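The values are calculated or read from the model by the stated rules, or taken from the named source; none is laboratory data. Source: prediction; values computed, not measured. Heads up, the Cβs are rebuilt from the backbone with ideal geometry, glycines too, and the neighbour counts pull from every protein chain shown.
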Amino acid sequence: MKIGLWNIDHAEYGTGSKRKQERYQFIVDYLISRNCHSYVITEANSAITLPGFNAQFSEESPFLRKSRFYGPPNCYHQVALYSKETTRKCSIQEPINGLLCQFPASPLVEYLYGNAVTIKDRWSPVSTKKYTDRLKEQIAQIKLLDVKKTVIAGDFNLRINWPATKSAHQSIQVELAETGWVWPTREQTDSVQHVLHSPDITSTIEMDHNVANRSPWDMPLSDHPFIEISLSANAVTNV
């Protein structure tokens, strides 16, 4: 089972800008070409449709930027989940920055949780929350999940080699990784996107950094690499 994880920096449709329209279409075409079972997309746009995929979205995001176009059919969401399989959206405590979906028919992954530990409160005139507050919210939500047949994928806005997020990285290690969650992206230094999963699953992580560069599209499609998560059952824990 392959899951794609990608922050697409809210690709925009119908802005009148040829370059922005090309970027939007390149992103759609790229996602289709990856041929994953499911995608967790952060900074998503519900205008994006993928043939053969069902879509679920977190609640509409209030974190809007003046430089972005949000007119119809665009709608900004912190998290989206696209899947070839039928999914059921589940209720959670923080439905703007998180999205929990159940896969009723999957023998490998029953729950997929997409999230964003946002830093956008710093630009909001109505929010007093900080990054540490958002991190605590996400850790609290993950602790409510069953550590069985579950995958977590999202933008955590931290890296192990960033001094400013050292304590945040340690919090995830102590509160999640040391309490049963497997954290295969713990040591990565070139993306703020992360993956955790229950120990009954094994994973292989691959990154495509081309999407954050100019080649081959003559423009960066995102500030973030695309992450492909290949999953299989852990034979040791499933005996």
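Looking at (1) modelled with pLDDT of 95 or more; (2) not acidic (Asp, Glu); (3) not in a strand (DSSP E or B), which is the one condition that is false for ARG122?
Answer for ARG122: the failing condition is (1).
Conditions: (1) in contact with a Pro (Cβ under 8 Å, 6 or more places away or on another chain); (2) within 25 Å of HIS10 (Cβ to Cβ); (3) part of a loop (DSSP other than H, G, I, E, B). VAL147 meets all but one. Number of the miss?
Against the list (1) in contact with a Pro (Cβ under 8 Å, 6 or more places away or on another chain); (2) within 25 Å of HIS10 (Cβ to Cβ); (3) part of a loop (DSSP other than H, G, I, E, B), VAL147 comes up short only on (2).
Does ALA105 satisfy being free of Cβ contacts under 8 Å to residues at least 60 places away in the same chain and under 16 Å from CYS36 (Cβ atoms)?
Against the criterion (free of Cβ contacts under 8 Å to residues at least 60 places away in the same chain and under 16 Å from CYS36 (Cβ atoms)), ALA105 does not qualify.
Does GLU137 count as free of Cβ contacts under 8 Å to residues at least 12 places away in the same chain and of a type in the set (Asp, Glu)?
So GLU137 does not fit the description; no.
I'd like the residue in the stretch 27-61 that is of a type in the set (Val, Ile, Thr) and surrounded by fewer than 20 Cβ atoms within 10 Å (Cβ to Cβ) and, out of all such residues, is farthest from PRO72 (Cα to Cα).
Narrowing the stretch 27-61 to residues of a type in the set (Val, Ile, Thr): 27-28, 32, 40-42, 48-49.
Next, from what is left, pick out any that are surrounded by fewer than 20 Cβ atoms within 10 Å (Cβ to Cβ): 28, 32, 49.
Numbers: VAL28: 18, ILE32: 23, THR49: 14 Å.
Checking each candidate, the answer is ILE32.
Yes or no: ASN74 under 30 Å from SER167 (Cβ atoms) and touching a residue at least 40 places away in the same chain (Cβ under 8 Å)?
no
Just to check your reading of the model, which residue among PHE156, PHE226 is in contact with a helix residue (DSSP H, G or I) (Cβ under 6 Å, 6 or more places away or on another chain) and within 22 Å of ILE3 (Cα to Cα)? Steps first, answer last, please.
Working: PHE156 fails: in contact with a helix residue (DSSP H, G or I) (Cβ under 6 Å, 6 or more places away or on another chain).
PHE226 is the lone residue from the list that is in contact with a helix residue (DSSP H, G or I) (Cβ under 6 Å, 6 or more places away or on another chain) and within 22 Å of ILE3 (Cα to Cα).
Every residue, every condition in (1) under 24 Å from VAL192 (Cβ atoms); (2) of a type outside the set (D, E, K, R); (3) without any contact (Cβ under 8 Å) to a residue 40 or more places away in the chain, yes or no:
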{"site": "HIS37", "(1), (2), (3)": "yes, yes, no"}
{"site": "ILE41", "(1), (2), (3)": "yes, yes, no"}
{"site": "GLU60", "(1), (2), (3)": "yes, no, yes"}
{"site": "GLU85", "(1), (2), (3)": "no, no, no"}
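(1) touching a residue at least 40 places away in the same chain (Cβ under 8 Å); (2) more than 20 Å from the chain's Cα centre (by Cα); (3) more than 25 Å from LEU108 (Cα to Cα): which one isn't true of ASN157, the others all being true?
Failing condition for ASN157: (2).
Can you name the residue in the stretch 186-213 that is over 14 Å from VAL151 (Cα atoms) and of a type in the set (Ser, Thr, Tyr) and is also surrounded by the most Cβ atoms within 10 Å (Cβ to Cβ) among such residues?
Kept after step one, since they are over 14 Å from VAL151 (Cα atoms), are these residues of the stretch 186-213: 186-192, 206-213.
Imposing the further condition that a residue be of a type in the set (Ser, Thr, Tyr) reduces the set to 189, 191.
Working: THR189: 8, SER191: 21.
The selected residue is SER191.
Tally the residues that are basic (Lys, Arg) and not in a loop (DSSP other than H, G, I, E, B), restricting the search to the stretch 183-224.
Count: 0.
Which of the residues belonging to the stretch 150-185 are within 26 Å of TYR39 (Cα to Cα), exposed (fewer than 15 other Cβ atoms within 10 Å of the Cβ) and either basic (Lys, Arg) or in contact with an Asp or Glu (Cβ under 8 Å, 6 or more places away or on another chain) (or both)?
Scanning the stretch 150-185 gives a single hit, ILE160.
Do any residues in the stretch 176-191 that are more than 14 Å from ASN157 (Cα to Cα) have Cβ atoms under 8 Å from those of residues that are assigned to a helix (DSSP H, G or I), where the two are at least six apart or on different chains, and which pairs are they?
Here the result reads LEU176/ILE139; LEU176/ILE142; LEU176/LYS143; THR179/LYS143; TRP181/ILE142; TRP183/ILE172; TRP183/GLN173; TRP183/ALA177, each pair linking the stretch 176-191 to a residue that is assigned to a helix (DSSP H, G or I).
For the stretch 15-28, how many residues are touching a residue at least 12 places away in the same chain (Cβ under 8 Å) and farther than 27 Å from GLY98 by Cα?
Adding up the residues that qualify gives 3.
All but one of (1) under 20 Å from VAL79 (Cα atoms); (2) surrounded by 14 or more Cβ atoms within 10 Å (Cβ to Cβ); (3) aliphatic (A, V, I, L, M) hold for ALA140; state the number of the condition that does not hold.
Tallying (1) under 20 Å from VAL79 (Cα atoms); (2) surrounded by 14 or more Cβ atoms within 10 Å (Cβ to Cβ); (3) aliphatic (A, V, I, L, M), ALA140 fails exactly one: (2).
When the stretch 23-74 is examined, which residues are found to be basic (Lys, Arg), under 30 Å from ARG122 (Cβ atoms) and not in a loop (DSSP other than H, G, I, E, B)?
Here is the first cut: in the stretch 23-74, the ones basic (Lys, Arg) are 23, 34, 65-66, 68.
Going one step further and asking which of them are under 30 Å from ARG122 (Cβ atoms), we end up with 23, 65-66, 68.
ARG23, the sole residue that qualifies.
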